[in-house]
Amino acid sequence: MKPITLIRDCEATIIPSGEEVLLQKDSTYSIKQALGESVTLANEMGLFRVAKENLEALGEAGETLRSELEAQQLKTPKDDTNEFSEDQLWSAMRNCFDPEIPVNIVDLGLIYDLQHQALEEGLHEVHVKMTLTAQGCGMGPVIAEDARQKLEALQTVQSANVEIVWDPPWNPHMISAEGRKALGME
């Protein structure tokens with residue numbers, strides 16, 4: 001895409017520090033990726049994650065990107081059943097993306113453990129242990145929160161806890177075959 005200029009100030013998250021920032025109206029960016037529920041913008045100052053709810057700040061490009069993100073969601077199997085399955089949990093987490101890498105957190109090999117416990121009335125409590133590609137990445141809490149929200153959006157999940165762990169350290173060999181293909185590693 002061609003460079004875009006913001007039509008209003010826009011809340012964003014600095015990548016990889018995870019700090020919140022206000023991008024200024026009339027500043028110019030290139031679009032690096034649009035996956036899950038956010039867009040990654042770049043300029044000479046660095047990378048910035050913009051949530052779907054702030055895309056109108058990108059003008060016409062924001063509307064196009066919103067449509068792309070919604071089209072991605074339409075391709076995702078919907079949770080329209082009250083029947084719990086672990087596949088639903090994995091599917092929900094496949095909608096969470098590292099803002100620097102165009103692969104979901106499952107196929108990146110960031111999910112180390114997934115546990116769930118049945119509660120009353122068909123609801124479940126979910127516990128996830130995940131890691132990041134680098135220990136210094138401040139985006140960890142943002143990505144973990146995204147995963148938690150996606151899990152808790154499922155009809156059969158009452159609560160979810162996503163914990164960031166560092167053992168074992170992540171390495172590129174943990175990327176799935178699908179992730180490798182998406183990254184052009186095959």
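The values are calculated or read from the model by the stated rules, or taken from the named source; none is laboratory data. Everything quoted here is computed from the prediction, not taken from an experiment. Heads up, the Cβs are rebuilt from the backbone with ideal geometry, glycines too, and the neighbour counts pull from every protein chain shown.
Can you find a residue in region 96-104 that is in contact with a helix residue (DSSP H, G or I) (Cβ under 8 Å, 6 or more places away or on another chain), polar (S, T, N, Q), under 20 Å from A51 (Cβ atoms) and in contact (Cβ under 8 Å) with a residue 24 or more places away in the chain?
Yes, the conditions are met somewhere in region 96-104.
Restricting region 153-186 to residues that are of a type in the set (D, E) and touching a helix residue (DSSP H, G or I) at 6+ places or on another chain (Cβ under 9 Å), which is surrounded by the fewest Cβ atoms within 10 Å (Cβ to Cβ)?
The extreme case among them is E186.
Has region 144-165 got at least one residue that is under 13 Å from the mean Cα position of the chain (by Cα), closer than 30 Å to S30 by Cβ and among the small types (G, A, S)?
Yes, region 144-165 contains a residue that is under 13 Å from the mean Cα position of the chain (by Cα), closer than 30 Å to S30 by Cβ and among the small types (G, A, S).
Of all residues in region 91-123, which are under 18 Å from E145 (Cβ atoms) and among the polar types (S, T, N, Q)?
N95, N104, listed by residue number.
What residue, among those in region 90-115 that are of a type in the set (G, A, S) and more than 16 Å from H127 (Cβ to Cβ), is modelled with the highest pLDDT?
Selected residue: G109.
Tally up the residues in region 1-24 that are out of contact with any strand residue (DSSP E or B) (no Cβ under 8 Å at 6 or more places or on another chain) and either surrounded by 19 or more Cβ atoms within 10 Å (Cβ to Cβ) or touching a residue at least 24 places away in the same chain (Cβ under 8 Å) (or both), please.
Of the residues in that region, 4 qualify.
Can you find even one residue in region 39-53 that is in a helix (DSSP H, G or I), of a type outside the set (S, T, N, Q), modelled with pLDDT of 90 or more and out of contact with any Ser or Thr (no Cβ under 6 Å at 6 or more places or on another chain)?
Yes, region 39-53 contains at least one residue that is in a helix (DSSP H, G or I), of a type outside the set (S, T, N, Q), modelled with pLDDT of 90 or more and out of contact with any Ser or Thr (no Cβ under 6 Å at 6 or more places or on another chain).
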